[in-house]
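The values are calculated or read from the model by the stated rules, or taken from the named source; none is laboratory data. Computed from a predicted model, the values in this text were never measured in an experiment. In this analysis, Cβ positions are derived from the backbone assuming ideal geometry, glycine residues included, and neighbour counts consider all displayed protein chains. Accessible surface areas use protein heavy atoms only, side chains included; no ligands, DNA or RNA. Shrake-Rupley method; radii C 1.70, N 1.55, O 1.52, S 1.80 Å.
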Amino acid sequence: MTNNIDSKKLGLDLTEGPVFKSLAVFTVPIILSGLIQQLYSVVDLIMIGKFLGSAGTVGVSAGGEVSDLVTPVALAFSSAGQIYVAQIAGGKRKERIRSAAETLLSMMMILACAFMLAGVAFHRQILALLNCPEDAMGQAAVYMWITALGIPFVFGYNAVCGILRGMGESKGPLYFIILAALVNIFLDVPFVALFHWGAAGTAVATVIAQLLSFLAAVFFLHRHKEQSGLELKGLAFRINRRDLKVLLGLGIPQAVRTSLVRVSMFWVNMHVNAYGVVAAATNSIGNKLQKFTDIFSGALQQAAAVIIGQNLGAGKQERVKKFVWCTFMSAVGTAALISAVFVLFPKPIFGIFSGDREVLELGTVYLRIMTAHILWSAAIAAFQAVVVGSGFASLNFVIGILDGVLCKVGLSVLFVYGMGLGAVGFFAGTAWSRALPTVICFLYFYRGRWAKRKLL
C-alpha cells in the first residue's frame, strides 16, 4: 500500500510508506497554509504601518485581540476532531467519521455564535483592559468589532480542516487559505490606500476572506462526499453523545490551555503597552514575526500529531517513534536557520514594518531574545505531538498551565521586577516559557506510556 491519493480515497494513509516522505508530503501543505495565512495578516500590518503609522499598527494589533483570544479555541476543538478522526481512520473504522464530523461542526458553530456576540458587545471594555493607547483607540475599536463578525467563519473553516486533516488530507486546506489570502490582499489595497478606510478597511477585507475560505472548505467537503462518506445535507446540526464526550474530553483542556496562553500574552501586551507607543509597536511587530516563525514548528507538531494518531489507531508504536525523531530533527534544523537570520539581519527585518528609528533599535533586541523562543518551540514540537496524538488531554492541559501562566508570567515578573529590565523583561519571559514544558513532554515520550493510549 502506498500513501498516494487515488480516485477512491480522500487523503493519505499515514500508517504506510517511508517515514520522512510521509511526514514531508503531509506537512508541507500545512506549512504553506500557515505561511500564507500569516502573509495576509502581515499585509494588513504593512498597509496600516505605511498609511497610518505606529498608532495604526498598535490599533490593528490591539483590535485583533478578540480574534486572537477565540481563534485558539477554534483550533483546540479542530485539533480534538483532527486527532479523533485520525485514530478512527488509522483503525479503519470509517463508518464513525461521519458521526464525529457532524458533532464537531455543530458544537463549533454554537460556540462561534456565542463568541461573536460577546466580541461585538464588549469590544471597548476589552480594549480598556488592554491599556490600548488613546491615540490608537479609534482604529482598534472599529477593527475589533468588525473582525468579531467573522468568528463563525473561522470556526467553521477550522472544523472542516480538522476533519480533512484527520483523514490525511492536507492539500485541501491549503487551497482554501490561498483563496483567502488572494482575496484579502486584493481588497486591502483599495480599502486602505484608495478609500482610506484605515483599520476598518483591513478588517472588512479579512472578514470577506474568512467567509470565502469557509465556503470553499464546505464546497470541498461536499464535492468529495463519495470518498469521505460525508454528506453536506443535514451534516451541521447532529450531535452524537459518544462523539461529543470524546471531543469535549480532548477539546476543553486544549481550549483552556490555548486560552491561557492567549490570556498570558494579553497580560504581557497590556503591560508592554503601558511603556508607550515605541514599546507597543515593537511588541506588535515582534508578535507578528513570532507567529510567523511558529508556523514551522507548529505545522510539524500538527502533522506529527495526526500521523501519531493514525499509527496508534493502527497499533504501530515503533513507527510512531521514528516519526517523533524525524519531526524533532526537522523542527530544530529549521529553527536554527531562522534564528541565524534574526540575529544577523534584525533591522532590515523590522524595517519592513516600520521606519521609526526607536522601534528598529528595540526590535533588534526583541529578535535576539526571541531566538530562545524559536529554539524551544522547535524542541517541544515532536514530543508534544505525542501528547496530543495519543489523546492525553490532561497532560496537555498541565503543559498549557506551565507555558501559558506559570512560566510566562512568572519569568516575566522575575525579569521585569526582579532584574529591572522593563519592557525587555516581558520579551525574555515569553522567550523562555517553553523550556520546562519541553522537558516534561520529552519525559512522557521517553517513558513510553503513550503506546497504550487509544480513544477508540
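In segment 248-270, is there at least one residue being buried (at least 23 other Cβ atoms within 10 Å of the Cβ), out of contact with any Cys (no Cβ under 8 Å at 6 or more places or on another chain) and at pLDDT 85 or above? The answer is yes; a qualifying residue exists. Just so you know, in segment 394-406 the residues that are open to solvent by less than 20 Å² (accessible area, probe 1.4 Å) and of a type outside the set (S, T, N, Q) include one that is modelled with the lowest pLDDT, and it is Gly404. Take the conditions (1) at pLDDT below 90; (2) surrounded by fewer than 18 Cβ atoms within 10 Å (Cβ to Cβ); (3) over 19 Å from the mean Cα position of the chain (by Cα); Lys291 misses just one of them, which is (3).
The set of residues in segment 92-109 being buried (at least 19 other Cβ atoms within 10 Å of the Cβ) and assigned to a loop (DSSP other than H, G, I, E, B) is empty. Of all the numbered requirements in (1) part of a helix (DSSP H, G or I); (2) open to solvent by 20 Å² or more (accessible area, probe 1.4 Å), Ala279 misses one, and that requirement is (2). When we screen Phe415, Phe383 for residues that are of a type in the set (Phe, Trp, Tyr) and under 30 Å from Gln310 (Cβ atoms), the only hit is Phe383. Within segment 411-449, being part of a helix (DSSP H, G or I), under 24 Å from the mean Cα position of the chain (by Cα) and either modelled with pLDDT under 85 or under 21 Å from Ala280 (Cα atoms) (or both) holds for Leu411, Ser412, Phe426, Phe427, Ala428, Gly429, Thr430, Ala431. Being modelled with pLDDT under 70, in contact with a helix residue (DSSP H, G or I) (Cβ under 9 Å, 6 or more places away or on another chain) and under 30 Å from Thr327 (Cβ atoms) is true of Ser41. Report yes if Ala118 is surrounded by fewer than 21 Cβ atoms within 10 Å (Cβ to Cβ), among the small types (Gly, Ala, Ser), at pLDDT 80 or above and more than 25 Å from Arg242 (Cα to Cα), otherwise no. So Ala118 passes the test. Scoring Val332 on the criteria (1) more than 23 Å from Arg434 (Cβ to Cβ); (2) open to solvent by 10 Å² or more (accessible area, probe 1.4 Å); (3) part of a helix (DSSP H, G or I) leaves a single failure, condition (1). Looking only at residues of segment 168-190 that are open to solvent by 20 Å² or more (accessible area, probe 1.4 Å) and at pLDDT below 85, we find that the one that is nearest to the chain's Cα centre (by Cα) is Ile185. Among the residues examined, Arg165 qualifies as among the basic types (Lys, Arg) and open to solvent by less than 30 Å² (accessible area, probe 1.4 Å). The combined condition, being among the hydrophobic types (A, V, I, L, M, F, W, C), touching a residue at least 12 places away in the same chain (Cβ under 8 Å) and surrounded by fewer than 16 Cβ atoms within 10 Å (Cβ to Cβ), is fulfilled by Ile352.
Are any of the residues in segment 386-393 assigned to a helix (DSSP H, G or I), in contact with a Pro (Cβ under 8 Å, 6 or more places away or on another chain) and either more than 20 Å from Val324 (Cβ to Cβ) or at pLDDT 85 or above (or both)? No, segment 386-393 contains no residue that is assigned to a helix (DSSP H, G or I), in contact with a Pro (Cβ under 8 Å, 6 or more places away or on another chain) and either more than 20 Å from Val324 (Cβ to Cβ) or at pLDDT 85 or above (or both). The single residue among Ala112, Ala136 that is in a helix (DSSP H, G or I), in contact with a Gly (Cβ under 8 Å, 6 or more places away or on another chain) and either open to solvent by 40 Å² or more (accessible area, probe 1.4 Å) or modelled with pLDDT under 85 (or both) turns out to be Ala136. Counting only residues that are over 30 Å from Gly313 (Cα atoms) and without any contact (Cβ under 8 Å) to a residue 12 or more places away in the chain, segment 398-456 holds 6 of them. Considering only residues that are buried (at least 19 other Cβ atoms within 10 Å of the Cβ) and not β-branched (Val, Ile, Thr), look in segment 407-425 and name the one that is farthest from Pro437 (Cα to Cα). Residue satisfying both the conditions and the ranking: Ala423. Considering Val142, Val160, Val183, the condition of being touching a residue at least 40 places away in the same chain (Cβ under 8 Å) and within 30 Å of Leu12 (Cα to Cα) is satisfied by Val160 alone. Look at (1) open to solvent by less than 20 Å² (accessible area, probe 1.4 Å); (2) closer than 30 Å to Ala281 by Cβ; (3) in contact with a Gly (Cβ under 9 Å, 6 or more places away or on another chain) and you find that Val320 fails only one, number (2).
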